[in-house]
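The next block holds one structure in the form of structure tokens; read it before the comments.
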Amino acid sequence: MAKQAPVLEVQDLRTYFYTRTGVVKAVDGVSFSLMPGETLGIVGESGSGKSMTALSIMGLVPKPAGKTVGGKVLLDGEDLLQKSNSEMRQIRGRKICMILQDPMTSLNPVYTVGNQLIETLRMREDARGHGLKERAIDLLSKVKIASPETRIGNYPHQMSGGMRQRVVGAIAISGSPKVLIADEATTSLDATIQYQYLQLLRELQKDTGLSIIFITHDFGIVAKMCDRVAVMYAGKMVEFAPVRDLFNKPSHPYTEALMRSVPNVDEEVDKLYAIEGQPPALDKLPVGCPFAPRCPYVFDRCLHEYPTSVTVGENHHAHCWKLI
Amino acid sequence: MAAVTSVTTTATRPGWLRQMRTKTRRLKLPWIPVAIVSTLVICAIFAEVLTSVDPREINMLEARMSPAVISEFFGGADANYSWSHPLGTDVMGRDMLSRLIYGARTSVLISLVALSFGMVVGTTLGLIAGYRGKWVDALVMRFADAALGFPTILVAMIIVVLLGAGMLNIVLAVMLTVWARFARMIRGDVLAIRELDFVTQAKIAGVSAHMIIARHIFPNIVNTLLVITSLQIGQVILLEASLSFLGLGLPPGEAAWGIMVAEGRTVIVDVWWLSLLPGLAITIVVLAFNFFGDWMRDTMDPKLRRA
Amino acid sequence: MQRYILFRGIQALFTLWILSLAIFLSVHLTGDPAQYLLGSEAGRTEYEQLKKNLGLDRPLYIQYIDFMGDVVRADFGKSHILGRSAREVLMERFPATLQLASAAFLIALVVGIPLGIVSAVKRDTPIDMFAKFFAVLGIATPGFWIAIMLILLFGAILGWLPTFGRGGLDHFVLPSFVLGWAAMAGMVRLGRSSMLEVLDSEYVKFARVKGLSERLVIFKHALKNAIIPLLTFSGLTLAGLLNGSVAVEVVFAWPGIGRLMLQGIQTRDFPIVQATVLAAGLFYILTALLVDILYAYVNPKIRYE
């Protein structure tokens, strides 16, 4: 696996927002790579830049305030940031696709799900018109929707949340992309449906060799789904590790704190652990490590210098002065 | 940890004055609208102080004098003006400046009274409809829909047929449409608040309905109330002016901006300032209130932005 | 869908009934029509005679049944001032108002909606600034005043357009612009905000993620959703047009029902007042009903209930 070329490689990605109060560094020098068939988890609190990283890769940073100002996004060796809008449109949906957070609102309420599936198929099929409906029905059954022949004529509000999310999944894989980004894709579903959905994604991945980037704040999902994990804080990736290593040996104080804040059934705890303080405002980042104001191990150096990457184990790195 | 806290506090410890200043600056108060609204209110309250001329005093010898502030600089040799009437006089020789200032009083008075009544009635009904739900809600909302959709002019005309023209009738006509806007918005808020835990808690504790409304729900709708009110003032002033213009309100000759525009209409070509000035006053004041209302909405309740 | 339309239809009838009741009460309960007609100098016997002739001495509910019968037959009696049947006068004047209101409504729709949509799509560009300025001004300026100012400018000073009465197409320009402006401003504002909201929605984001072309994203996915609130609003706009048409008709001496209504009130001509208020109300209620049905048609959530 290590010998294989990564399908997606992100290098020093920077996306800034220019607001009246200053420059918000939503994504501030993010680098990672994604192997074929691999699942990478990106975890962090809300506002840590996870979603913005995803949108930057897709080339859909909200304009005009936001702009990707630096870095490279190499998909099969081609830099997506250099592509024109129309070139990107060819890539979106076909080579890389994304599932958004909220299944309730990801589908347009005024069109049938069939309409929305077929319009996606039509873009990429040379065969115009005929057979599209059959393909759409096929896709719906692939995501395990019962009686797809009738469901295809349904409007989104006639379906349950879990079913809508499956339709979104069907649309996302309809162009057989190489990379799928799932942004908090299961957060709004209840536990059983969430489980079924994750199961489905894994099956699809097994069938198609899809690489998945899973953005979440739920360590349970990370443990179940991911091969490797990146932890984000204040626009930066602070720790990078294979999933087992991260759970066994969280190295960055922030990861450690995140793990402790997950309630554990097996342990008897009197009190839930919460990380003290708030994430920093991204337009007023401190000079040194952004986690320093909340870090229990903080010392002088942390306040002045951003930590370099420290290798903690095989494929396991963290940005923290404490580890040196 | 301790070291960090001290660093941040020493770095950004403002004096209370600076704190006040940054606070007002962060509010981004819209200065021009605020100035206009203040001027209007000052005119309304201190009309007698600001001008010693009676707005109803007819003086045919000084009729149709053009505004001195314009004619002094642009008027031809035959321009008839005097600095004792800086904004000129109307066809009856009444002083325009004085009429405009007293007109501000009329506007403010009528709008304020109508709006207050509308607010009280609308809020009460909105609270009851939202809290009681079911048929009470359905009934109130049907009436609100009818009142909202129904052309105000028709309402005003029915009232005039009923009671005759007069100030009270303008107030009534305005109120009859304004209450519905309050009722609708407040009801929407109440529907959401009603489901919150502290209300359920109070119900479980056996608190009476009107106590729940007064103690638990009302404090939570005050923001909405302020926002709707500030957004409505401009519309109410405009409505009052239209009704006055049509002669459905105060008797002719009274100092009201709508009446003044109407008086200038037939002589617009010769005595152009007669309609121009009060109309300009209405536009500026309504604009100011609208901007102020928008600002209120954005600062107090960003959720309402879409409404 | 059928249930929805039925429900709305019943609601429209209900509103109409409330209106007719208000008119009946305003004429028969609070004032005394006989008194109005005769003036205060009339003698006692004369007054009683007229009351009897008008049927005002009968119990109120009988009068009401009579009145409802008249309303259903659209028989409002004879105008005291014009000496003709109020229905006749109404039918004569109604087309003028209908034409003016339609022209204004058309202007509001054709200019207002696209301007609002474009303003949202091209947010913060000069065209957006222009649209916002235009809308803000349209909502704040009194129509009757703009009308007078335009008469001064285009009629008196430039002499380009007729400012008085009904006639050829050129007669329509000023009145329909004035009447349509406020409505147009409202459409621009609402169109802009609803389009902005839709553009920010997840389904538009997802449509982009899918790789749809910008044309499809805007015209297929965003537009239809953004139009839905505008439809409801256009119903309210009609009410606004009826409001404004009274003043506009008065200023431009347009021979429509708005002016007729005002004249009726000034001269205490009750048959005319009844006829015009009911006609205006009916016109408004019917259009609102039509808009509701259209709304249901566009919005699948209601259509499939």
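Rundown of residues vs (1) more than 30 Å from A:Arg294 (Cβ to Cβ); (2) surrounded by 20 or more Cβ atoms within 10 Å (Cβ to Cβ), yes/no style:
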residue	(1), (2)
A:Arg14	no, no
A:Glu45	no, no
A:Gln82	yes, no
A:Gly93	yes, yes
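Return yes or no: is C:Leu216 closer than 30 Å to A:Leu121 by Cβ and within 14 Å of chain A (Cβ to nearest Cβ)?
yes
For C:Leu294, all conditions in the list (1) touching a residue at least 12 places away in the same chain (Cβ under 8 Å); (2) under 30 Å from C:Gly167 (Cα atoms) hold save one; what is the number of the exception?
That leaves (2) as the condition not met.
I need a count of the residues in region A:84-103 that are facing chain C (nearest Cβ under 8 Å) and not in a helix (DSSP H, G or I).
The total comes to 8.
Outside any loop (DSSP other than H, G, I, E, B) and among the β-branched types (Val, Ile, Thr): is that true of B:Ile268 in this structure?
Here the answer is no, as B:Ile268 does not meet what is asked.
Restricting attention to region C:64-77, report how many residues are touching a residue at least 12 places away in the same chain (Cβ under 8 Å) and closer than 13 Å to C:Ser20 by Cβ.
Count: 6.
Could you grab me the full set of residues in region C:68-92 that are out of contact with any strand residue (DSSP E or B) (no Cβ under 9 Å at 6 or more places or on another chain) and either in a loop (DSSP other than H, G, I, E, B) or of a type in the set (Ser, Thr, Tyr) (or both)?
Looking only at region C:68-92, we keep the residues that are out of contact with any strand residue (DSSP E or B) (no Cβ under 9 Å at 6 or more places or on another chain), and these are C:68-74, C:80-83, C:87-92.
Selection gives C:Arg73, C:Ala74, C:His80, C:Ile81, C:Leu82, C:Gly83.
Within the bounds of region A:140-147, is there any residue that is out of contact with any strand residue (DSSP E or B) (no Cβ under 8 Å at 6 or more places or on another chain), within 14 Å of chain C (Cβ to nearest Cβ) and touching a residue at least 24 places away in the same chain (Cβ under 8 Å)?
No: region A:140-147 contains no residue that is out of contact with any strand residue (DSSP E or B) (no Cβ under 8 Å at 6 or more places or on another chain), within 14 Å of chain C (Cβ to nearest Cβ) and touching a residue at least 24 places away in the same chain (Cβ under 8 Å).
Take the residues of region A:55-83 that are acidic (Asp, Glu) and assigned to a strand (DSSP E or B): which is nearest to the other protein chains (Cβ to nearest Cβ)?
A:Glu78
Condition first: of a type in the set (Val, Ile, Thr), assigned to a helix (DSSP H, G or I) and within 14 Å of another protein chain (Cβ to nearest Cβ). Now tell me which residues in region A:163-208 satisfy that.
Hits for region A:163-208 are A:Val167, A:Val168, A:Ile171, A:Ile173.
On the basis of being within 13 Å of chain A (Cβ to nearest Cβ), out of contact with any strand residue (DSSP E or B) (no Cβ under 9 Å at 6 or more places or on another chain), assigned to a helix (DSSP H, G or I) and surrounded by fewer than 22 Cβ atoms within 10 Å (Cβ to Cβ), does C:Leu223 make the cut?
Judged against the criteria, C:Leu223 is a match.
Please go through region B:249-265 and pick out each residue that is assigned to a helix (DSSP H, G or I) and either in contact with a Pro (Cβ under 7 Å, 6 or more places away or on another chain) or more than 9 Å from chain C (Cβ to nearest Cβ) (or both).
Listed by number, the residues that qualify are B:Trp257, B:Ile259, B:Met260, B:Val261, B:Glu263.
Would you mind stating whether B:Leu176 is within 18 Å of the chain's Cα centre (by Cα) and within 11 Å of chain C (Cβ to nearest Cβ)? Lay out the reasoning, then the answer.
Numbers: within 18 Å of the chain's Cα centre (by Cα): yes; within 11 Å of chain C (Cβ to nearest Cβ): yes.
Answer is yes for this residue.
So, A:Ser51, is that one in contact with a Lys or Arg (Cβ under 9 Å, 6 or more places away or on another chain) and among the polar types (S, T, N, Q) or not?
No.
Tell me yes or no: at least one residue of region A:110-127 is hydrophobic (A, V, I, L, M, F, W, C), touching a Pro at 6+ places or on another chain (Cβ under 6 Å), more than 12 Å from every other protein chain (Cβ to nearest Cβ) and free of Cβ contacts under 8 Å to residues at least 60 places away in the same chain.
No - not one qualifying residue is present in region A:110-127.
Mind telling me which of the residues C:Pro95, C:Pro114, C:Pro175 ends up being within 17 Å of B:Ile268 (Cβ to Cβ) and either in a helix (DSSP H, G or I) or in contact (Cβ under 8 Å) with a residue 40 or more places away in the chain (or both)?
From the options C:Pro95, C:Pro114, C:Pro175, the qualifying one is C:Pro175.
Looking only at region C:230-256, count every residue that is surrounded by fewer than 18 Cβ atoms within 10 Å (Cβ to Cβ) and in a helix (DSSP H, G or I) and tell me the total.
3
Just to check your reading of the model, which residue among A:Val168, A:Val143 is in contact with a helix residue (DSSP H, G or I) (Cβ under 8 Å, 6 or more places away or on another chain), among the hydrophobic types (A, V, I, L, M, F, W, C) and more than 29 Å from A:Gly47 (Cβ to Cβ)?
Step by step, each of A:Val168, A:Val143 is checked, and only A:Val143 is in contact with a helix residue (DSSP H, G or I) (Cβ under 8 Å, 6 or more places away or on another chain), among the hydrophobic types (A, V, I, L, M, F, W, C) and more than 29 Å from A:Gly47 (Cβ to Cβ).
Identify all residues within region C:232-275 that are at pLDDT 80 or above, at the interface with chain B (Cβ under 9 Å from one of its Cβ atoms) and closer than 25 Å to C:Val173 by Cα; write none if there are none.
Matches in region C:232-275: C:Leu241, C:Gly244, C:Ser245, C:Val246, C:Ala247, C:Val250, C:Val251, C:Gly258, C:Met261, C:Leu262.
Taking A:Thr150, is it crowded, with 18+ Cβ neighbours inside 10 Å and either at pLDDT below 90 or assigned to a helix (DSSP H, G or I) (or both)?
For A:Thr150, the condition - crowded, with 18+ Cβ neighbours inside 10 Å and either at pLDDT below 90 or assigned to a helix (DSSP H, G or I) (or both) - is not met.
What number of residues within region C:184-213 satisfy the criterion of being more than 19 Å from C:Asp124 (Cβ to Cβ), of a type in the set (Ser, Thr, Tyr) and away from chain A (no Cβ under 13 Å)?
0
Could you say whether any residue in region A:38-45 is modelled with pLDDT of 85 or more, touching a Cys at 6+ places or on another chain (Cβ under 8 Å) and of a type in the set (Ser, Thr, Tyr)?
Yes, the conditions are met somewhere in region A:38-45.
Tell me, which residue of region C:150-165 that is within 11 Å of another protein chain (Cβ to nearest Cβ) and touching a helix residue (DSSP H, G or I) at 6+ places or on another chain (Cβ under 6 Å) is nearest to C:Leu179 (Cα to Cα)?
Selected residue: C:Leu150.
Would region B:26-47 turn up any residue that is modelled with pLDDT under 80 and either over 30 Å from the mean Cα position of the chain (by Cα) or not basic (Lys, Arg) (or both)?
Let us first name the residues in region B:26-47 that are modelled with pLDDT under 80, namely B:26-29.
Within this subset, residues satisfying the condition of being either over 30 Å from the mean Cα position of the chain (by Cα) or not basic (Lys, Arg) (or both) are B:27, B:29.
Within region B:26-47, one or more residues are modelled with pLDDT under 80 and either over 30 Å from the mean Cα position of the chain (by Cα) or not basic (Lys, Arg) (or both).
Condition test on C:Tyr295, is it of a type in the set (Phe, Trp, Tyr) and either away from chain B (no Cβ under 12 Å) or on the phi > 0 side of the Ramachandran plot (or both)?
It is true that C:Tyr295 is of a type in the set (Phe, Trp, Tyr) and either away from chain B (no Cβ under 12 Å) or on the phi > 0 side of the Ramachandran plot (or both).
Count, please, the residues in region C:200-219 that happen to be free of Cβ contacts under 8 Å to residues at least 12 places away in the same chain, closer than 20 Å to A:Pro103 by Cβ and part of a helix (DSSP H, G or I).
Counting residues in region C:200-219 that are free of Cβ contacts under 8 Å to residues at least 12 places away in the same chain, closer than 20 Å to A:Pro103 by Cβ and part of a helix (DSSP H, G or I) gives 5.
Exactly one condition in (1) touching a Cys at 6+ places or on another chain (Cβ under 9 Å); (2) closer than 13 Å to A:Leu282 by Cβ is false for A:Thr19; which is it?
So the condition that A:Thr19 fails would be (1).
Take the conditions at pLDDT 85 or above, farther than 17 Å from B:Phe117 by Cα and in contact with a Phe, Trp or Tyr (Cβ under 8 Å, 6 or more places away or on another chain) and apply them to B:Phe218. Does it pass?
Considered against the rule, which asks whether it is at pLDDT 85 or above, farther than 17 Å from B:Phe117 by Cα and in contact with a Phe, Trp or Tyr (Cβ under 8 Å, 6 or more places away or on another chain), B:Phe218 comes out as no.
The values are calculated or read from the model by the stated rules, or taken from the named source; none is laboratory data. Remember, it's a predicted structure, so these values are computed and weren't measured experimentally. Positions of Cβ are backbone-derived with ideal geometry, glycine not excepted, and every protein chain shown enters the neighbour counts.
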